[in-house]
Structures are given as C-alpha cells and as structure tokens.
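Heads up, the thing below is written out as structure tokens.
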Amino acid sequence: MCATSRTAPVERAVSVTVTKLSLAVALSILIGLLAAEAQEAAKVPRIGYLGSKVISPQNHAAFLQGLGDLGYVEGRNVVIEYRDPVGNYDRLPGLAAELVALKVDVIVVTSTPSTLAAKQATRTTPIIFAWAVNPVGSGLVTSLARPGGNVTGLSLLAPELVGKRVELLKQVVPGASRIAALWHPGDYGEGVENEMLREADVAARALGMRLQVVQARGPEDFDRAFSDMTKARADAVTVQSTNVFFIERRRLADLAVKHRLPAIFLVREFVDAGGLMSYGANVAELHRRAATYVDKILKGAKPRDLPVEQPTKFELVINLKTAKAIGLTIPPSVLARADQVIE
C-alpha cells in the first residue's frame with residue numbers, strides 16, 4: 001500500500017508532462033500548417049508580358065481591363081514583369097529567357113515572333129498568345145482544339161481574311177486591274193506567308209486583277225516599295241500586318257496617301273493612324289480575352305487542355321478623311337457595312 005501510494009503522484013506527474021508535450025507538439029504542427037497556408041494565401045501570382053505597352057497602349061490597356069474584370073489588379077494582387085523588344089526581333093530570345101529565369105507563373109506574348117521566342121525559351125512555363133497568325137501553320141500549337149505542349153491563346157485568322165480584303169479593295173475601286181501586296185518576309189514563317197499570298201492571288205484573279213507582291217524588310221525599304229507600286233501602275237494595295245509594319249503604321253498610311261493608293265489593312269490601328277480602311281478582328285478585344293486564359297492557368301488549368309480561341313466577329317473600319325485626301329468616293333453599299341466610319 002505504501003509503495004503504491006508513493007508511485008501514484010509520480011505517474012500522475014509523468015502523465016501531465018506527456019500530455020503537455022503532446023499539446024505542445026500538436027500546437028507546433030498547427031502553427032506550422034497555419035503559417036504554410038498563410039504563406040500560400042499571401043503568394044502573389046507573377047505574369048510575364050513579352051510585348052510593348054508603348055507601341056500599342058490600347059492593347060495593353062485592354063489586357064489590364066480583362067484582368068480587372070476577373071479581380072486581378074496590377075500591383076495589388078498580381079505582379080506583371082514587362083519585357084519590351086522595342087521593335088527589335090533579335091532581342092526576343094533574350095527577353096523571353098529573362099522571364100523564364102524570373103519563374104513567372106505564365107507568359108503573355110503579343111505576336112507570332114514573340115510566341116516562337118517564348119516557346120523556344122521554355123517547354124514548361126505556360127505561354128498565352130494574345131493573338132497569332134495561323135497558330136497551327138506557324139508551329140505554335142498542334143491543333144486549335146488540342147494545342148498540346150505549354151502554348152495556347154487566340155488566333156487572328158489572318159490567312160482566311162486575305163481574300164476578303166482583296167474583295168473589299170475591288171469594291172471601293174471597281175476599275176482596279178492590278179493590286180499590290182506589301183509584304184514583310186519572315187514574320188510568320190514561309191508556309192503561312194505562302195498560304196496568304198496564294199489566297200491574295202486567287203482572290204485577285206477571280207476578280208479579274210493581277211497581284212504584284214512587293215517586299216519591304218524594314219522601314220528603309222518603304223519609299224522604294226511604294227515607288228515600285230506606282231511604276232507598276234498598281235490601283236490599290238493590301239498591307240500585311242507585322243510588328244515592323246505596325247510600329248511604322250503612320251508612315252505607311254502617309255505613303256499610301258502620298259502615292260494616292262487606296263490601302264486596306266488587317267487591324268484598325270492602321271486606320272486610326274490615317275490608313276484608308278481595315279477588315280479583321282478587334283485586336284484590343286483579343287488582348288482582353290487573353291486575360292481569361294491567364295486566369296484559368298493561375299487556377300490550375302494546363303495550356304494543352306485550353307483550345308485556341310478564334311474570333312467570330314470582324315470589323316470594317318473606314319477613314320473618310322483619307323478617302324477624300326486621295327480623291328476616292330467610297331460606294332454607299334460599302335459604307336453601309338462599315339462598323340465604324342472616321343469622318
């Protein structure tokens with residue numbers, strides 16, 4: 001009895017000690033879990049943006065608007081790392097590599113060349129192209145429905161619209177017998193470019209016109225290119241949409257007016273800069289839609305499972321001030337179909 005009575009307090013003391021230790025361990029584990037959850041909750045997603053917010057501020061603003069509509073505010077709950085090639089394609093590979101090294105969660109690219117550069121820089125970081133000309137033909141994705149790999153985004157549907165722009169030129173210049181195509185080789189890849197030129201040639205021949213392909217590798221070729229069109233007696237010109245041409249859109253619009261050549265472009269920004277007309281998808285809207293892809297990626301989706309989105313609406317924009325400057329009267333039937341007329 002005496003031995004038992006002496007050991008009981010000791011056992012109780014040991015039990016209390018073990019209980020306290022267990023509680024301490026449990027509390028430590030709980031604190032660790034809560035800290036991990038807090039750290040995860042505090043993690044701010046990082047987006048890499050390979051493109052220019054200066055050359056095309058309206059597209060960048062549309063992308064930010066798209067993010068805002070989904071609850072992302074730059075500087076508050078999302079960080080955007082910008083890399084701008086400033087029109088120099090040679091800088092794209094290095095800039096893409098920088099974004100990969102920063103371990104961003106997703107890279108948003110704003111052209112076909114920048115998409116190709118990003119794809120070469122990483123096979124794992126998700127890449128979203130805000131617009132691309134023929135993503136399959138350019139080698140960006142395996143198919144529109146099942147992109148495969150780490151790249152997806154939005155298509156500009158450019159090759160399919162080449163013939164339509166030729167038709168529109170014929171409608172505004174009914175007497176045209178020769179049409180020029182101003183081309184910047186190497187921007188989309190040889191296969192895609194050949195397809196686009198074939199589409200233009202087929203459309204021109206169907207309308208009783210001949211196609212004159214005029215190349216301009218850079219701004220230094222613009223004056224010569226337009227002189228060649230004039231010497232060949234071109235009645236109108238369709239202008240390819242590339243980064244180089246987009247940056248120099250005002251100069252191209254001015255040269256077309258100087259040579260009194262009705263010109264049609266792929267995107268409306270050329271018309272805002274003084275071009276005659278454009279027919280194609282709204283590129284700013286494509287940038288806004290790109291934010292939905294970013295949102296899905298940040299929530300765990302994989303690019304290979306997100307089909308490439310194609311535009312369903314195309315806008316015709318006409319600049320009547322430019323038409324007046326070159327002495328051209330736009331037929332009422334064409335004006336009636338315009339989504340916007342700049343007067």
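The values are calculated or read from the model by the stated rules, or taken from the named source; none is laboratory data. These numbers were taken from a predicted model, which means no experiment stands behind them. Cβ coordinates were reconstructed from backbone atoms using ideal geometry, including for glycine residues, and neighbour counts include every protein chain displayed. Please note that ligands, DNA and RNA were not included when accessible areas were found on the heavy atoms of the full protein model with its side chains. Shrake-Rupley method; radii C 1.70, N 1.55, O 1.52, S 1.80 Å.
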- Message: What is the percent carbon and sulfur in the accessible area of the range 102-191, measuring with a 1.4 Å probe over the protein chains and ignoring ligands?
- Response: 52 percent
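Which value at 222 nm does the chain reach when only helices count, each DSSP H run of 4 or more adding -39,500 (n - 2.57), with the total divided by all residues and rounded to the nearest 500 deg cm²/dmol? Numbers along the way, then the final one.
On the way: 13 runs with 161 residues, N = 343.
Using -39500 (n - 2.57) per qualifying helix, the result is -14500 deg cm²/dmol.
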- Around R268, what is the net charge, scoring Lys/Arg as +1 and Asp/Glu as -1 over all other residues with Cβ under 12 Å from its Cβ? -4
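Counting heavy atoms of the protein chains only and a 1.4 Å probe, report the per residue accessible area for the range 67-120 as a whole number of Å². Please report the intermediate quantities before stating the final value.
Details: 2490 Å² over 54 residues.
With the other protein chains kept in place, the range 67-120 gives 46 Å² per residue.
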- Karplus 3J(HN,Hα) series, Hz, for the range 228-234 with 6.51 cos²θ - 1.76 cosθ + 1.60 (x for Gly, Pro): 4, 5, 5, 5, 7, 6, 5
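Any idea what the alpha-carbon Rg over 2.2 N^0.38 Å comes to for the range 82-131?
Working: Rg = 9.5 Å, N = 50, 2.2 N^0.38 = 9.7 Å.
Output field value: 0.98.
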- Query: Considering only DSSP states other than H, G, I, E and B, which trypsin sites (Lys or Arg not before Pro) in the range 54-94 qualify as loop sites with at most 14 other Cβ atoms within 10 Å?
  - Reply: R76
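To the nearest whole percent, what portion of all C-alpha pairs in the range 269-326 is separated by more than 14 angstrom?
Numbers: 1070 of 1653 pairs.
When all Cα pairs of the range 269-326 are counted, 65 percent exceed 14 Å.
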- Taking 0.36 nm per residue of separation and subtracting the Cα-Cα distance, what length does fully extending I326 through K164 add? 56.1 nm
- Query: Highest mean first, what order results for 231-244, 118-131, 59-72 on Cβ atoms within 10 Å?
  - Reply: 118-131, 231-244, 59-72
- Message: Leaving out ligands, DNA and RNA, and with a 1.4 Å probe, what % of the accessible surface on the range 253-297 is carbon or sulfur?
- Response: 45 percent
- Query: Residues of the range 235-280: accessible area per residue at 1.4 Å, in Å²?
  - Reply: 29 Å²
- Query: For the chain, max minus min Cα coordinate along each principal axis, in Å, sorted largest first?
  - Reply: 123, 36, 33
